[in-house]
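Remarks on the structure that follows.
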Amino acid sequence: MSKQSHTAKDDQAGGLLGFVAPPDIHIECEAFTGSLAMLFHCVKERKIDLLGVPLAPICKAYFEHVLQESGDQDLEAAATAMTALAYLLERKAWQLIPKVDEEPDDDDLLEQIEPYIQELRPAIEHLRDLRDERSLRFFRQTEETGAEYELPFDMGEVGASDLALVLEKLLERAKPDTVEPPTTPRRSLSEQMIIVMNALSDEPKPIEEVVTEEFTRSEVVWWFLAMLELIRLGQARVRFAKGSILFSRGEVS
Amino acid sequence: MKLIDSVHALLFAADSPSDPEQLAASLECPAYEVEEALDKLGERLSQGGPVQLVRIAGGYQLCTKPEFAQIVAKYIQPQQSKLSRSLMEVLAIVAYKQPVTMAEIDAVRGVQSDYSLRQLLEKRLISDVGRKPTPGRPILYATTQQFLHLFNLDTLTELPDVDLEELEIQALIKKEEEVENTDQPTLEPLPSGESGG
């Protein structure tokens, strides 16, 4: 790289790009020979392949130029030229990133598909028939419980995923958490359990009727943990009734 | 002691489908001999008595004959959990498209399926079989032996025929037609260029 005199052609190139002409840095490499201003112009017009032009020496030469002439240089012109240099770097960076496969990814394909569950309906009915046929055969230990563990307390037909669904419903209603100072002490689980016990009644109620006040996401998680602990201790009960999951106070031990 | 009787005894005691090779290993005899014994046992049981030999979930198992279903059900009162419509839909999609991700199931149904998937996992009718090597590495689901057993199937090849590929092509065509029929103004494509990706 070498510095050369500023030419009218360079001014034209800079003007075409819409910024102040860059400093007089001469570039000479296999892919391009000319001034920095001309390089900008050629890249903009897609006349050369930037991949063949090493940009690191150009940046170095540019910074040297800025440092050497910092006393009498127009700061705005230097900044504009810097932006142009950044533009070149960005263009080259994008070119250097490996091209992804042109095939649309799975998510795109999924968006293009119209739901076709109705067309699967006959197969589903056939599966139901198979299930009915199977129900006429009794094997030794035919009905598996579906759980590899035994709960130490009775939740009736309510499963873990049912409780998870209740938590999800609460989370949908929850407000975002507020930022609190780190010194604010968190309520203990025992304190939270007392709050939950006060909210519960002997009459089984759906969760919407148990938790009526507003809450944040972390509050609802804390609330739910306390509820689970109460269920585990037998102080709260959860049951399926009338198509919904109902919570109530348990028997006090 | 006859091999057929030994096989019968093992099957009677077993609480899950037995593989002929496992039986052979236990009885210390060649697998083909066990298979012959199984054929003979099946024939013998089919000729009379309340029990039959069936191929189910990749193995052999003894079970009561359907004509005895009513009296047996009355006696043992089995707790049969019904599979809801949404569970059946998700199960069918997993069965036919396995291994399949939740997003793929959602696309076929047009609604979210996370709750149904969790229920099926809990019932051990489906299981997590790995992750798809795509961005996000979503979990892949497939049916289990329990599924085959519950639906009276020996292998997945016994599933009722459905040309899923054809259904998906039809679904794509349908979606394209819908897009064409909408009168939404189309945007001009952005000029090609690397800037900004």
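Every read-out reported here was derived from the displayed coordinates using simple, explicitly stated rules and does not represent laboratory data. These figures come from a predicted structure and were not determined experimentally. With ideal geometry, Cβ positions are generated from the backbone for all residues, glycine too; neighbour counts draw on all protein chains shown.
Of all the criteria given as (1) in contact (Cβ under 8 Å) with a residue 12 or more places away in the chain; (2) under 30 Å from B:Ala107 (Cα atoms); (3) among the aliphatic types (A, V, I, L, M), the one not satisfied by B:Leu41 is (2).
Every condition in (1) over 19 Å from A:Ser161 (Cβ atoms); (2) more than 10 Å from every other protein chain (Cβ to nearest Cβ) holds for B:Tyr96 except the one numbered (2).
Among the residues of the range A:189-208 satisfying the criterion of being within 34 Å of the chain's Cα centre (by Cα) and closer than 14 Å to A:Leu246 by Cβ, which is surrounded by the most Cβ atoms within 10 Å (Cβ to Cβ)?
Within the range A:189-208, the first condition is being within 34 Å of the chain's Cα centre (by Cα), and the residues that meet it are A:189, A:192-193, A:196, A:206-208.
Then keep just the ones that are closer than 14 Å to A:Leu246 by Cβ; that gives A:206-208.
Working: A:Pro206: 16, A:Ile207: 21, A:Glu208: 12.
Checked the range A:189-208; the qualifying residue surrounded by the most Cβ atoms within 10 Å (Cβ to Cβ) is A:Ile207.
Among the residues making up the range B:154-164, those that are in contact with a Phe, Trp or Tyr (Cβ under 8 Å, 6 or more places away or on another chain) and at the interface with chain A (Cβ under 8 Å from one of its Cβ atoms) are B:Leu159, B:Val162. Of all residues in the range B:145-161, which are touching a residue at least 24 places away in the same chain (Cβ under 8 Å), on the phi < 0 side of the Ramachandran plot and not in a helix (DSSP H, G or I)? Answer for the range B:145-161, where residues must be touching a residue at least 24 places away in the same chain (Cβ under 8 Å), on the phi < 0 side of the Ramachandran plot and not in a helix (DSSP H, G or I): B:Leu153, B:Asp154, B:Thr155, B:Leu159.
Looking only at the range A:129-141, count how many residues are loosely packed, with under 15 Cβ neighbours inside 10 Å and within 7 Å of chain B (Cβ to nearest Cβ).
Filtering the range A:129-141 for residues loosely packed, with under 15 Cβ neighbours inside 10 Å gives A:129, A:132-133, A:140-141.
Then keep just the ones that are within 7 Å of chain B (Cβ to nearest Cβ); that gives A:133, A:140-141.
Looking only at that region, the number is 3.
Out of the residues in the range B:57-82 that are out of contact with any strand residue (DSSP E or B) (no Cβ under 8 Å at 6 or more places or on another chain) and in contact (Cβ under 8 Å) with a residue 40 or more places away in the chain, state the one that is nearest to A:Glu157 (Cα to Cα).
Our first condition is that a residue be out of contact with any strand residue (DSSP E or B) (no Cβ under 8 Å at 6 or more places or on another chain); within the range B:57-82, this holds for B:57-58, B:66-71, B:73-82.
Going one step further and asking which of them are in contact (Cβ under 8 Å) with a residue 40 or more places away in the chain, we end up with B:57-58, B:81.
Details: B:Ala57: 27, B:Gly58: 31, B:Ser81: 10 Å.
My answer is B:Ser81.
Quick one: which helices (runs of 4 or more DSSP H) lie wholly within the range B:1-71 and hold at least 2 residues that are β-branched (Val, Ile, Thr)? I'd like the intermediate steps shown before the answer.
Numbers: elements: B:3-13, B:20-27, B:31-47.
Because the criterion is at least 2 residues that are β-branched (Val, Ile, Thr), the helices (runs of 4 or more DSSP H) in the range B:1-71 that meet it are B:3-13.
Only one of the numbered conditions (1) within 8 Å of another protein chain (Cβ to nearest Cβ); (2) in contact with a Phe, Trp or Tyr (Cβ under 6 Å, 6 or more places away or on another chain) is violated by B:Leu125, and that is (1).
Tell me, yes or no, whether the range B:120-129 has at least one residue that is in contact with a strand residue (DSSP E or B) (Cβ under 7 Å, 6 or more places away or on another chain) and loosely packed, with under 15 Cβ neighbours inside 10 Å. Scanning the range B:120-129 turns up at least one residue that is in contact with a strand residue (DSSP E or B) (Cβ under 7 Å, 6 or more places away or on another chain) and loosely packed, with under 15 Cβ neighbours inside 10 Å.
When you look at B:Ala142, is it facing another protein chain (nearest Cβ under 7 Å), touching a helix residue (DSSP H, G or I) at 6+ places or on another chain (Cβ under 7 Å), buried (at least 17 other Cβ atoms within 10 Å of the Cβ) and over 19 Å from A:Asp129 (Cα atoms), yes or no? For B:Ala142, the condition - facing another protein chain (nearest Cβ under 7 Å), touching a helix residue (DSSP H, G or I) at 6+ places or on another chain (Cβ under 7 Å), buried (at least 17 other Cβ atoms within 10 Å of the Cβ) and over 19 Å from A:Asp129 (Cα atoms) - is not met.
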